[in-house]
Amino acid sequence: MKIEDCPIIEYYDDDMSNLFMFFSNGKKEFWRFAKIKEMGIDSCVLFFPRDFKKLTRTYSKCKKIYEFKSASSISPVYLYDNKVLIALCPLGGAASINLMEELMFVGIKKFIGVGSSGAIRKVDLEQYFVPDKAIRDEGSSYHYLKPSRYVETDESLRKNIIEVLEEHKEKYDTGVVWTTDAIYRETPGRIKARLADGAKAVEMETASLAAVAKAKNIKYACLLYYSDFNDGKTWETRIYDKYELRQELVDLAVEALLKK
């Protein structure tokens, strides 16, 4: 089979303006949620870990205003301090972009994703990671952008994140992240290839979300931490207080979204 025969690289620049209305028709709870537009809220933190309620400092200022329901999961969306949304995002590009589509429809134009990544080259595991672009080794991004090796995150949001990190004297790194759909295909050969592409870490959403944002003319960037190291030969886990780290992650993301 020729590479041009692969459906994943067939790009259709179709008009999607009415498609969302078709899928959401009859979802009364969604249309109640859509009234958030009237509050002028335009920013959202996409939170990937499962333990949001344990981040007591943030959770105490949250009000649940919606639930994103798929066939296999429910993802709550919270209004935080009447300023930004915090959405508990499902794992993986395909699931996460569906949530992003619904949030865009109610007026969200700036997103910062927060979560973990796995280092694939030797780095300081205690520093934050702010990817400037992602390797598109997944499927969802190809439904929004023409085929390419990389997709960039939003420069202005990255700048805000970095300014906030520097104001708090936090260590951080920037660079390329590898987005994959297949955890158990992070094989030595594939890791070697992604290192050659410049990747520092691997995760499962950045390329998909960045592609949607670029196609829809909105903003997406992410603030990640390193949870472990795997170069295909050795594996090293990080010992850390995950709740305190994730609390700090959300605080930094909210501050970056609200930064003028």
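When region 232-253 is filtered for residues that are farther than 19 Å from P131 by Cβ and out of contact with any strand residue (DSSP E or B) (no Cβ under 6 Å at 6 or more places or on another chain), the ones remaining, listed by number, are G232, K233, T234, W235, I239, Y240, D241, K242, Y243, E244, Q247, D251. If D81 satisfies all but one of (1) in contact (Cβ under 8 Å) with a residue 12 or more places away in the chain; (2) under 25 Å from E203 (Cβ atoms), what's the number of the condition it fails? Tallying (1) in contact (Cβ under 8 Å) with a residue 12 or more places away in the chain; (2) under 25 Å from E203 (Cβ atoms), D81 fails exactly one: (2).
The helices (runs of 4 or more DSSP H) found wholly in region 1-85 and carrying at least 3 residues that are at pLDDT 75 or above occupy 56-59.
E244 passes every criterion in (1) modelled with pLDDT under 95; (2) not in a helix (DSSP H, G or I) apart from (2). The number of residues in region 109-131 being surrounded by fewer than 22 Cβ atoms within 10 Å (Cβ to Cβ) and in a loop (DSSP other than H, G, I, E, B) comes to 8.
When A221, A201 are screened for being at pLDDT 95 or above, assigned to a strand (DSSP E or B), more than 24 Å from L103 (Cβ to Cβ) and of a type in the set (A, V, I, L, M, F, W, C), only A201 passes.
Working only within region 196-210, note down all residues that are surrounded by fewer than 24 Cβ atoms within 10 Å (Cβ to Cβ) and β-branched (V, I, T). Of everything in region 196-210, just one residue is surrounded by fewer than 24 Cβ atoms within 10 Å (Cβ to Cβ) and β-branched (V, I, T), namely V202.
Matching residues to (1) in contact with a Leu (Cβ under 7 Å, 6 or more places away or on another chain); (2) of a type in the set (F, W, Y); (3) without any contact (Cβ under 8 Å) to a residue 12 or more places away in the chain:
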{"position": "Y150", "(1), (2), (3)": "no, yes, no"}
{"position": "S156", "(1), (2), (3)": "no, no, no"}
{"position": "E167", "(1), (2), (3)": "no, no, yes"}
{"position": "W178", "(1), (2), (3)": "no, yes, no"}
{"position": "A182", "(1), (2), (3)": "no, no, yes"}
{"position": "D197", "(1), (2), (3)": "no, no, no"}
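The values are calculated or read from the model by the stated rules, or taken from the named source; none is laboratory data. Bear in mind the structure is a predicted one, so any value in this text is a computation, not a measurement. With ideal geometry, Cβ positions are generated from the backbone for all residues, glycine too; neighbour counts draw on all protein chains shown.
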